[in-house]
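The values are calculated or read from the model by the stated rules, or taken from the named source; none is laboratory data. If you're wondering where the values come from, they're calculated on a predicted model, not measured in any experiment. Neighbour counts run over all protein chains shown; Cβ positions are idealised from the backbone, glycine included. Calculation scope for accessible area: heavy atoms of the full protein, side chains included, ligands and nucleic acids excluded. Shrake-Rupley method; radii C 1.70, N 1.55, O 1.52, S 1.80 Å.
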Amino acid sequence: VQLQASGGGLVQAGGSLRLSCAACEQTSHRYAVGWFRQAPGKEREFVSAIARSGGHTYYADSVKGRFTISRDNAKNTVYLQMNSLKPEDTAVYYCAAGRAMVSTIATIRGYSYWGQGTLVTVSS
């Protein structure tokens, strides 16, 4: 599965961005799709995920209430709406797809396919 992440950019604190993760094929019934981020000098961390089929959503505590993940099955695209952005949200954001189960959906090992990353910079 090839994934294309887009939508990053420079935004002021308190602003919003919507990231998109476009897949080359239908993923909704086969794969969970997750968003991870990596800030300079830090490890890649889980941000949010949407499970296959049922579409249950998961969020890191740091983004809960500010970020919303959704999927458009007709477009094979998963979105991450990011509101009330903070400088600490600055990172390269990666989308990933895989057969993650509940126990692994917030972990890197739950995903086999990764997009190229899109940079989000939040200025204070």
Whenever you get a sec, compute what percent of the accessible area on region 1-94 sits on carbon and sulfur atoms (1.4 Å probe). 46
Label Leu10 and Met101 with points 7 Å out from Cα along Cα→Cβ: what is the distance between them in nm? 4.6
Remind me, what semi-axes does region 68-124 give for its equivalent ellipsoid, largest first in whole Å, using sqrt of 5 times each Cα gyration tensor eigenvalue? 23, 15, 11
For Lys75, list the aspartates and glutamates whose Cα falls under 20 Å from its own Cα; do not include residues on the same chain fewer than 8 positions away. Glu25
Restricting things to alpha carbons, tell me how big the chain is in terms of Rg and Dmax, in Å. 13.2, 40
Could you name the lysines in cross-link range of Lys42, using Cα to Cα under 26 Å and dropping any fewer than eight places away on the same chain? Lys64, Lys86
Give the cysteines in the chain for which no other Cys Cβ lies under 4.7 Å away, or write none if there are none. Cys24
Which whole-Hz ³J(HN,Hα) couplings does region 28-42 yield from phi under the Karplus relation 6.51 cos²θ - 1.76 cosθ + 1.60, θ = phi - 60°, glycine and proline marked x? 4, 9, 10, 10, 6, 10, x, 10, 10, 9, 9, 8, x, x, 10
